[in-house]
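Presented below is the structure to which this report refers.
The values are calculated or read from the model by the stated rules, or taken from the named source; none is laboratory data. Quantities reported herein were computed from a predicted structural model and do not represent experimental measurements. Every residue, glycine among them, receives a Cβ derived from its backbone with ideal geometry; neighbour counts consider all protein chains shown. To get the accessible areas, we keep the full protein, side chains included, count just its heavy atoms, and leave off ligands, DNA and RNA. Shrake-Rupley method; radii C 1.70, N 1.55, O 1.52, S 1.80 Å.
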Amino acid sequence: MSVFSSCSLARPTHKADENPRFVIPVKNKQRSVCFEITAPSDGVILQLVSDADSGITINGELGEAGKSAFQKIGIVYKDLYEIEFNTQGLSLVNKTDHSIQTLSWSPMNIVSDSLSLSSSNGRTTEVTLGSTVIEVLLHRSRQDFLWLKIKLNDFSAGSTGLLGRFSRQLYVREGRIGSKVLIEVYGHDVTVTRDFTIDYGTLSKDRVSCWVVPDGGRGAIEGSYSDYVVQTLFQKP
C-alpha cells in the first residue's frame, strides 16, 4: 500500500478565506509534507493523478484567482466512465451506453461494474474504482468548496500528477543550515517551515503537523505547478 492510503488535502485554519494545502503523509513520522497551489486566474484546472495502468485520471478545477479550493473535481475511469463533482451535486456518464445520471449531494448507493458511488451523510461521497477508493468531500463555508481524499489505491509506479508523484512511499530526513529547516524529498533538499494545518480530508477537520513547502511546493513536486495545468476537467496526458 502506498502513501496514498492516507493522503488528503487540507486547509490551515477554520477561516473560509484562507487557502487549502495538499497534505502528504510521511512514513514513520508524525509530521506531513504540505504545500498549496493558488490559482493565478479563475478556473485553473490541475491534473492531480493520471495512471495509465489503472485507467484513472483525476483533475480538479480551482475557484477564483488567488484561492486554492476546488469548485469541481473530474474523474475518468478506464475511458468507460466520467464523474463530475461540483458544489451542487455530481453527474455520472457511462460512455458505453451514453447514459447520464445527475445527483444532488445526498445519501446514495450506485454500483456499475467495478465502479461504485456511496454516501451515508450527503457530504462525503466514496468512489470505488476497482481497487482504488477515493472520497470527495463537500465543505460548507462562505464559498462552498470540494476536497479530496485518496483512501486506498492501486496506482502504478509510473503514475503522474500533483499527487501521482507521491504514489511511491515518502521518506523524509530533516536537517538545518543556520536558522533554515530543510528536508530531503526524493533526493532533493527543500527549505520548509513548521506549521499546523486543518485536514479537510475529513469532515472532523483534524489538525496535523506539517513541513510547509513554499512557492507552490517547488522542490517537493516535480517541476512547477504550471506543468500540471490542463485545459479540460477530463483531460488526460
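Worth a mention:
- Computed accessible area, I198, all protein chains, 1.4 angstrom probe, square angstrom: 0
- Per residue, the chain exposes 45 Å² of accessible surface when a 1.4 Å probe is rolled over the protein heavy atoms with every protein chain present.
- Of E222, E82, the residue with the largest accessible area leads and the full order is E222, E82 (1.4 Å probe).
- Sequence-distant residues sharing a close amide H with D42 (under 5 Å, placed H): A65
- Working from Cα pairs under 8 Å separated by at least six residues, relative contact order for the chain is 24 percent.
- Alpha-carbon centroid distance for the pair segment 39-78 / segment 108-141, whole angstrom: 17
- Note on the chain: with charges restricted to the Cβ of Lys and Arg (+1) and Asp and Glu (-1), its dipole about the Cα centre is near 820 debye.
- Here K236 is the anchor, and the lysines within straight C-alpha reach of less than 25 Å, apart from those fewer than 8 places off in the same chain, are K67, K72, K78, K95, K149, K151.
- Cα gyration tensor shape for segment 7-130, rounded if a/c is under 1.5, else prolate or oblate: prolate
- Overall, the accessible surface of the chain at a probe of 1.4 angstrom is composed of carbon and sulfur to the extent of 46 percent.
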